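Working notes, beginning with the structure itself.
Just so you know, all these numbers are worked out from the coordinates, no wet-lab data involved. Keep in mind the model is a prediction, meaning the values are calculated, not measured. Neighbour counts run over all protein chains shown; Cβ positions are idealised from the backbone, glycine included.
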Amino acid sequence: MRKISAVFLGSVLSLVALQMMESQTTAAITPESPCLMEGARGDGPKGQKVVCAEIQGKKIWVPRGGDLVVAISQDPGSLNPAATTAGAVHTASELMFNGLVELDDKLNPVPELAESWTVNKKATIYTFKLRREVKWHDGQPFTSADVKFTFDEVLLKYHSRTRASMLSALATIYTPNSHTVEFIFKESYGPLLLQLDVTEAPILPAHIYRGSDPTKNPTNLAPVGTGPFKFGSYARGSEIVLNRNSNYFRKGKPYLDRVIMRVIPNSATQVASFESGSVDFLWGVPGPDRARLLAQKKAFDTLITRRNPGGANCMMTVSFNLRRPITSNLAVRQAIFHSLNRNAFLQNVIFGEGSVAVSPFSKGIVWAWGRNLKLPEYNTTKANALLDSAGWTGRDGSIRTAQQVVGVANGSKLSIDFLHFPTFATYGELYKAQLKEVGIDVRLRPLESGPFATAVFNNRDFDSNIISYCNGNDPEIGIRRMYDSAQIGPVAFSNAAAYTNVLVDSTFQQARNTLDISKRQSLYQEIQEQLVKDVPYGWLVETKSTRIFTSRCGGFRPYSLFAEEAYCIN
Amino acid sequence: MLKYVLRRLIQVVPTVFGVTLITFVLVHLAPGDPVEVLASGNGDAAYYQFMRAKYRLDDSLLTQLWTYSTNVLRGDFGTSYLTGESVVRMIMPRIGSTLLLAISSIVISTLVGLKFGILAAWRANRFLDRAVLRTSVLVAAAPSFWIAQVMLLLFALRLGIFPTDGRNSPGFEGTGLAMAIDTLWHLVLPMSVLAIQESSTIARLTRTGIVDQLDDDHIRLARAKGLGDLHVVLRHALRRSLTSVVTVIGSRIGHVFSGAVVVELIFGWPGLGQLILSSSQSRDTPVLLGVLVLIAAAVVLMNLLTDLSYMIIDPRVRLR
Amino acid sequence: MSAPQLPAGVLRLVLATSGVLVWLIVALVAPWLAPYDPFLVVGEGLAAPSWRHPLGTDLIGRDLFSGIMFGARTSATIVFGVALIVVAIAITVGLVSGYLGGIVDDILMRVAEVFQVVPRFFLAIVALAYFGSGVDRLIIILGLTSWSGLARVVRAETLSVRESAFVEAAQLFGSGTIRTIFREILPNIAPTLAVYLTLLLSRVMLLEASLAFIGLSDPNSISWGYLAGSSQAYLRSAWWIAVFPGLAILMTALSLTSLGDVKGRRE
């Protein structure tokens, strides 16, 4: 009897204790301290509301409310992330939208706008059941028509990666009812689930965009989405204010009241603003400043990631124009590769934020990157020998001249041009410096993205260039377009080198048509071995970004909806 | 007098048109096809054709220029090639910011420059004069982005007195007086960078102008009459030298607008500077032309204002 | 009672002249005198000044001292290129305008006014962005937009000389009027020309630096503006790559301006 009462008393006491811990009338709760019951509410020391939330696996008290100020480098001009892959637009607007399927940090698909899905055995039909309670920011319900419209009219026409990978494989998108979408492919298509997040396929409202030119629709400046944050205001050149969407389908989130994207074009000023406290979050920081900021460890935290608003697993890649007499010569390309000290690029240009490329595919695609490949190593002796053998003669230190080179007049100089975005100027300088050592003269041509794309993909007016090719999370998404001969054309960021190898084309096709990972892996290994022999591109370095933010804030994801679970302690 | 003003006002038009002409020709002579900007990555041949027709890109240069000019006179600056937004709507919020920056710099630098110029002339060839001269030459020869960055690091970061960037505090929602104060607080540093360079030039030229006048017969007479030095300087020399000062201010207006570009970039000030840069780099011609035409008009109008103030200051100067 | 010419004035003149001379000499001999090729990687990136690299190295390890020497060459090229174009156009326009007068004069002066009002910096941005950045394009665009002030001076001189007795006398003797005027005008305008040019040219250098800061400089030739502008983000961690090029600009612009000033005062 006594034992029963003891147990009874004990449980009552613990229940009471639990209640007291979780109730609103107890003493102030320190933000970020551990909690037990998700969803429980309380008060913080300064009277702000706190809620118990699971952030990255841990249950902690999270303050609700507050503003987050994020620095961005460029006024995006438009806030429509489906019509472009431009980093500036995505950075500013992704928080207002959603994709069908999100990817966690292990790249496993997680439901977002789609609550569940099935794939048929041959991977030709993907059926998605959409959430029913989702509403657009203007109150209209989200339906399958929005998905079909976004893909048919926007993504497959303007989003370079989605278009390059899916357009040829997709037969149709079928919407049997307002909450089911079926993607029907002409043949087996493995990678679909990896390209449905908000970066690769954000969903736009059909009822607003239907019948208009998606790149010129005025809603691009005051967007309507389904995402955790709603559009607040856009002061051109100054800042974009996003307000919390209290009807967000993930109940309870987001925690912040506002996210303010502040346009600060100058990177030194961004760092100064961050240090002075007026900015809370930086997308990236120049190398030397990074070391300095991190030395102030208590004040700042970091997140390192390969996934960016512009794309994931990005690799700085030099393209050679295979249709020009100088660069069409394999020995010349190999020589250029041998003269590149890629470690210097890693150290001096990106300050160690990344790694030297070891294979044509990014190591971020863990199962697909080529193992044991011998990329041409840094060896100026070999480079010189190769150039000699190709008919380019030269004395020490001077620029080589042609002797019996096909398509080039005797005596003309070995001079090639190099196109790059102005932000990649340092890559150009280092490339120029390193190639000069083996007697190659490089003319740098900086061009902004529009004119760059025109010169490279429309007019093929270049000898070499550098592009940050974002490989995506599956080789079908961002890699195939670089090597597929069907992708040679006036589409930005397709096959810049104009590489044509029928065998490689068909191997890519085979790899796409199977779901068997080990089969795909061996096929991609074959492809990469061939690519290393042909050297159509110079794979330089894989880049990572370090997000830096004040320790007052936390809960950031390093990609996509980076502030969905973010909070700031005031 | 009124006829003169009217005549000058009318002359504004051909001057601005001249600027438009130069820029228009320059832009259209450049290599590259504007359709590619319009198409924004959609490589469809039919779409190109459609865009060509819609924007009349196949008309001759003269026809396009005529169309553009007549549209501008009606207030229609066209739409952006990139976003389709009305150019006027894109420029309006920004022109206010740049004008605020430019005009406040001109006003402050005039006041400061005059004061130091007078002081230097009064104490000609003594320490103060030499100090003013040396500082002004030094400052005028320094690159503006240097000065901007030093001030940013010193006053905004190190001392924390002023904000580091922007026109208002992040997410600021105040109105009226609160808004004005916040904007002013943000204006101080960028304006100071411009004002420092301009005031040093104005000081130097005022000083030179006054010192030259101090040789004048009238002044010697005034001195002989026993009037104090400062009195002499202020009443007689200054009045005369103001004409040259006003000329100087007039010529600096263009410089102030140019200098504003760099300052706007460093301080994230949301003005026309960023817009000029981004529209040039992305070849968004209508936006670019719109900005340049408006800036040219602003400069010409301000020149006119300074010329008019000539006549108020110095009764000797009337018409040409 | 004019301000006495103190020794300070002479000192200033000497300093200014030597500043300009140093600049020109370095510009001429840079390819032979510079310790390293300024485009080659010769050391660690962002290395502080040392014996091997007296002004340190830049971001990717190029010697800054050599870079500054070659920068003198680039700035001298730009400045002289612009001077050539400006003088050529200004003298032609001023002469024709002053000599012919009337409608031609009106039109030419109106054109000059347009070019004066045109914001040079903005036009340079447009030209470089649309035609590509390059030293030649920069020279052309700056030359084409900077001649109005000088043209006005030439015109004023032409006007006054045209009426003078010398010309009438020369006409009596049958020598060509234009040639006479030309020969008569030149010595008169030479000092003003020199002053005007030195001031103009120091402004051109600062303009080039600002253009480089924005990223519109010629990446294939080292220029001070390019060095100063592209490295200003590292001011706090590697101050030398931002400061030394800026100092070079400062000192040369200072020398040019002082030279112009001092010569001006001599009048």
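Quick look at the values:
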read-out: Within a Gaussian network of chain C (alpha carbon springs, distance under 10 Å), most fluctuating of C:Glu113, C:Glu163, C:Glu208; value: C:Glu163
read-out: Residue pairs, from the table A:Lys129/A:Lys186; A:Lys46/A:Lys251; A:Lys59/A:Lys363, whose Cα atoms sit over 28 Å apart; value: A:Lys59/A:Lys363
read-out: The stretch B:66-72 - phi-based ³J(HN,Hα) in whole Hz, Karplus 6.51/-1.76/1.60, Gly and Pro as x; value: 4, 4, 4, 4, 5, 5, 4
read-out: Where Rh is the Kirkwood radius over Cα pairs, Rg/Rh for chain A; value: 1.03
read-out: Aspartates and glutamates with Cα under 19 Å of A:Lys58, excluding same-chain neighbours fewer than 8 positions away; value: A:Glu22, A:Glu32, A:Glu38, A:Asp104, A:Asp105, A:Asp301, A:Glu564, A:Glu565
read-out: Farthest toward positive dipole pole in chain C [+1 Lys/Arg, -1 Asp/Glu at C-beta], among C:Pro54, C:Gly143, C:Leu201; value: C:Pro54
read-out: Cα centre as origin, Lys/Arg/Asp/Glu Cβ charges: the stretch C:8-266 dipole, Debye; value: 360
read-out: Unit charges on C-beta of K, R, D, E only; dipole of the protein assembly as shown, Debye; value: 1560
read-out: Neighbouring partner chain Cβ atoms per residue of B:284-294, average, 10 Å criterion; value: 2
read-out: Order of A:Phe229, B:Phe50 under a 10 Å beta carbon neighbour criterion, fewest first; value: B:Phe50, A:Phe229
read-out: Neighbourhood net charge (10 Å Cβ-Cβ; Lys/Arg +1, Asp/Glu -1) for B:Val248; value: +1
read-out: Residues with amide H under 5 Å from that of A:Ser319, placed H, sequence gap 5 or more; value: A:Asn465, A:Ile466, A:Ile467, A:Gly538
read-out: Computed label-point distance, nm, for sites A:Ile399 and A:Met37 using a 7 Å Cα→Cβ extension; value: 7.7
read-out: Acute angle (nearest 10 degrees) that the helix A:517-534 long axis makes with the longest principal axis of chain A, alpha-carbon atoms; value: 30
read-out: In order through the stretch B:82-87: 3J(HN,Hα) via Karplus (6.51 cos²θ - 1.76 cosθ + 1.60), integer Hz, x for Gly, Pro; value: 7, 10, x, 7, 5, 4
read-out: Average partner coverage of C:104-116, which counts Cβ from other chains inside 10 Å; value: 2
read-out: 20 Å Cα-Cα reach of A:Lys157 towards aspartates and glutamates, excluding residues that sit fewer than 8 places from it in its own chain; value: A:Glu94, A:Asp146, A:Glu182, A:Asp197, A:Glu200, A:Asp213, A:Glu476, A:Asp484, B:Glu36, B:Asp44
read-out: Members of A:Lys413/A:Lys436; A:Lys382/A:Lys436; A:Lys374/A:Lys436; A:Lys382/A:Lys533 lying beyond 20 Å, as alpha-carbon distances in this model show; value: A:Lys374/A:Lys436
read-out: 0 to 90° range, to nearest 10: angle between helix C:239-265 axis and chain C longest Cα axis; value: 20
read-out: For chain C, built as a Gaussian network whose Cα springs stay under 10 Å, the top-fluctuating residue of C:Phe244, C:Phe65, C:Phe122; value: C:Phe122
read-out: Neighbouring partner chain Cβ atoms per residue of B:156-168, average, 10 Å criterion; value: 5
read-out: Structure-based [θ]222 nm, chain A - -39500 (n - 2.57) summed over DSSP H runs of at least 4, per residue, nearest 500; value: -7000 deg cm²/dmol
read-out: Distant-in-sequence amide H partners of A:Val285 (H built 1.01 Å from N, under 5 Å); value: A:Thr546
